[in-house]
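The values are calculated or read from the model by the stated rules, or taken from the named source; none is laboratory data. Fair warning: this is a prediction, and the values are worked out from it, not measured in the lab. Heads up, the Cβs are rebuilt from the backbone with ideal geometry, glycines too, and the neighbour counts pull from every protein chain shown.
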Amino acid sequence: MAEKLRLDKYLWSIRLFKTRSQAADACDKGKVKYNGDNAKAARTVSVGDEYEVKTENKRWRIKVTGLLDHRVQYSEAINYYIDITPAEEIERLQFQAASFNTGKRQSKIGRPTKKDRRDLDEFVGE
C-alpha cells in the first residue's frame, strides 16, 4: 500500500469509477467534494478523509479507512472505505428502482403470447 495516493487513483481502485480517467474527469467537473469544496484529482488522500462523490446513479458519502493503490475485486475493495451515504439518498434510489420500467410485458398481463394464441385457437377449434 502507498503512503501518498492521488484521489482519482483511489476512487478508481475502490471501484466507484470504471476507469481512472472517469474518476479524474469527475474531479475536474466538480462531482467530487471534500469539506464542501471541489477536490482536484491530484489531491492526496489520507485515512479518515470524507468525500462526497456523485456518480451516474448515486451520490456517495465515503470515509477513507485504508489506502488502496491498485484495483482489486469488489469484495476486497469495500474494506478500504465506509459508505456513510445519508438514508434519504438511499431511499431515493430505492424509489427510483421501484418505478423503473424495463418495457418487458409482465406475465399474464396485456397482449397474449404466440403460445397463448395457439392454445386459444385450439380451444375455439380454428
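Numbers below:
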{"quantity": "Extreme residue, farthest from ILE62 (Cα to Cα), among residues of the range 15-32 that are touching a Phe, Trp or Tyr at 6+ places or on another chain (Cβ under 7 Å) and outside any helix (DSSP H, G or I)", "calculated": "THR19"}
{"quantity": "Residues that are in contact (Cβ under 8 Å) with a residue 40 or more places away in the chain, under 16 Å from LYS4 (Cα atoms) and of a type outside the set (A, V, I, L, M), drawn from the range 35-70", "calculated": "THR44, GLY66, ASP69, HIS70"}
{"quantity": "Pick from the range 41-94, criterion among the hydroxyl-bearing types (Ser, Thr, Tyr) and not in a helix (DSSP H, G or I), ranking: modelled with the lowest pLDDT", "calculated": "THR85"}
{"quantity": "Conditions (1) of a type outside the set (D, E, K, R); (2) surrounded by 15 or more Cβ atoms within 10 Å (Cβ to Cβ); (3) in contact with a strand residue (DSSP E or B) (Cβ under 7 Å, 6 or more places away or on another chain); number of the one not met by ILE84", "calculated": "(2)"}
{"quantity": "Flag if ALA26 is touching a residue at least 12 places away in the same chain (Cβ under 8 Å) and in contact with a helix residue (DSSP H, G or I) (Cβ under 7 Å, 6 or more places away or on another chain)", "calculated": "no"}
